[in-house]
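Data first, discussion second: the structure below is written as structure tokens.
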Amino acid sequence: MGRVTRRAFALAALATLATGPRASAAPQAHRRMHGGEMRGMWVATVANRDWPSRAGLSAAAQRAELTAHLDTAVRRRLNTVILQVRPTADALWPSPYEPWSAVLTGTQGAAPGWDPLGTAVREAHARGLELHAWFNPYRIANHTDPTRLAAGHPARRHPDWVVTYGGKLYYNPGLPEVRAFVQDAMLDAVRRYPVDAVHFDDYFYPYPVAGQTFDDQAAYDRYGGGFPTRAAWRRDNVDLLVSEMSARIKQVRPGTRFGISPFGVWRNAGTDPLGSDTRALQAYDDLYADTRKWVRENWLDYICPQLYWHIGNAPADYGVLLPWWARTVRGTRTKLYLGEALYRAGDPAQAAAWQQPDELSRHLTLARNHPEARGHVFFAAREVAQDRIGAMARVVADHYQQPAQPPR
């Protein structure tokens with residue numbers, strides 16, 4: 001069955017699977033459907049966060065869990081699944097560059113007996129869902145012991161590529177050979193499968209760890225001479241990764257999009273007058289990710305900042321960051337989607353706002369006032385299914401009465 005036919009079939013089925021509508025928001029739903037609206041969820045595989053539920057399940061059980069997540073997306077009237085397929089310099093497809101991921105079998109390099117990414121693309125498309133392949137470029141392992149990596153792992157063959165920091169192993173973004181390798185490894189999946197998009201999250205240089213130094217001195221001595229500061233050199237390294245991937249994706253599979261979901265604050269206004277009225281970690285200064293530049297240079301097809309704060313949060317207010325990002329994308333070709341912290345809803349450790357089932361629905365209502373905001377992505381699949389306090393059901397009832405195709 002052709003893609004258009006599959007999508008039409010699946011969209012028609014959505015009305016049967018989803019909960020009943022609230023008529024008050026129907027005109028908005030119709031407008032969004034006509035123009036396209038991102039309704040996505042992340043499926044995190046690192047440390048078996050969302051899927052598979054644990055390592056070592058049979059191939060049949062893994063497949064059943066995966067398709068259950070896809071069916072949940074359909075029931076919630078979502079249209080996009082962002083599946084993490086390269087969580088720690090390993091692969092959820094038969095890659096010639098990197099070993100099979102340990103999240104599948106429990107042993108890095110052990111074949112799971114099926115093709116998870118290929119199956120995910122096929123089954124998502126059969127349900128009318130887009131499948132965005134989510135890659136982490138530089139994280140190697142959530143530990144510091146290279147001998148625990150699979151035999152023949154690139155990080156074991158090239159120890160000079162590796163930096164130990166914060167209890168983890170990372171590839172060094174300052175090495176051109178590393179940048180070329182990680183691109184080749186990720187693009188292998190794009191060549192093999194008709195993924196709808198390539199997706200990065202917020203991890204470039206690692207988040208700062210107090211009292212520790214990311215030791216890239218040798219690379220900086222070799223390659224950083226033309227830059228005023230190490231920070232400027234690091235930002236350029238990440239810029240090169242983003243701009244080169246943008247160009248190469250289009251060469252490998254024209255029509256496949258490129259999106260990034262960065263930390264939600266570019267810079268604070270106290271640091272830079274172009275920044276947001278926030279007092280938070282800054283992607284530009286702390287992660288060396290110049291997210292605003294990527295938008296303004298049109299390197300991205302979409303940006304999905306992680307606006308994981310409630311409305312009224314003093315250091316970083318969702319109601320402040322939403323219009324800042326809307327202004328940032330205005331006049332560019334980069335679409336704006338908003339990353340939503342469904343995982344915080346009902347968590348007793350979170351602020352009082354997150355104990356209210358309507359907090360996320362209020363986010364979507366607020367976004368209606370900003371035409372640049374083209375949809376939302378929810379973190380993450382486990383919470384979309386469990387819906388601890390009914391926050392996701394409230395979003396569906398208030399905003400997702402009708403199916404919607406994603407923006408193109």
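Structure notes:
- Each principal axis of the Cα cloud of the stretch 99-226 was evaluated for its coordinate range; sorted largest first, these ranges are 50, 34, 27 Å.
- Potential extension, residue 54-residue 209 segment - 0.36 nm per residue separation minus Cα distance: 52.9 nm
- Virtual paramagnetic centre 7 Å along Cα→Cβ of residue 67, amide N under 19 Å, in the stretch 103-144: 112-131
- Over the Cα atoms of the stretch 38-175, the radius of gyration divided by the Kirkwood radius equals 1.00; this is the Rg/Rh ratio.
- Dividing the C-alpha radius of gyration of the stretch 329-408 by 2.2 N^0.38 Å, with N its residue count, gives 1.15.
- The chain: antiparallel DSSP beta bridges as a percent of all, rounded to 5: 15 percent
- For the chain, the Cβ-based charge dipole about the Cα centre amounts to some 1220 debye (Lys, Arg positive; Asp, Glu negative; other atoms uncharged).
- Selected from 209, 113, 81, residue furthest toward positive end of dipole (the chain; charges at beta carbon): 81
- Viscosity 1.567 mPa s, 4 °C: Kirkwood-radius Stokes-Einstein D of the stretch 230-302 over Cα pairs, µm²/s: 100 µm²/s
- Computed magnitude of the charge dipole of the stretch 126-176 (debye, nearest 20; Cβ of K, R +1, Cβ of D, E -1): 120 debye
- Taken over the alpha carbons of the stretch 286-327 as equal point scatterers, the Debye sum produces base-10 log I(q)/I(0) values at 0.25, 0.31 Å⁻¹ of -0.96, -1.10.
Values in this text are rule-based calculations from the coordinates and carry no lab data. As the structure is a computational prediction, the values presented were derived from the model and not from experiment. Here Cβ is always computed from backbone atoms with ideal geometry, including for glycine, and neighbour counts include all displayed protein chains.
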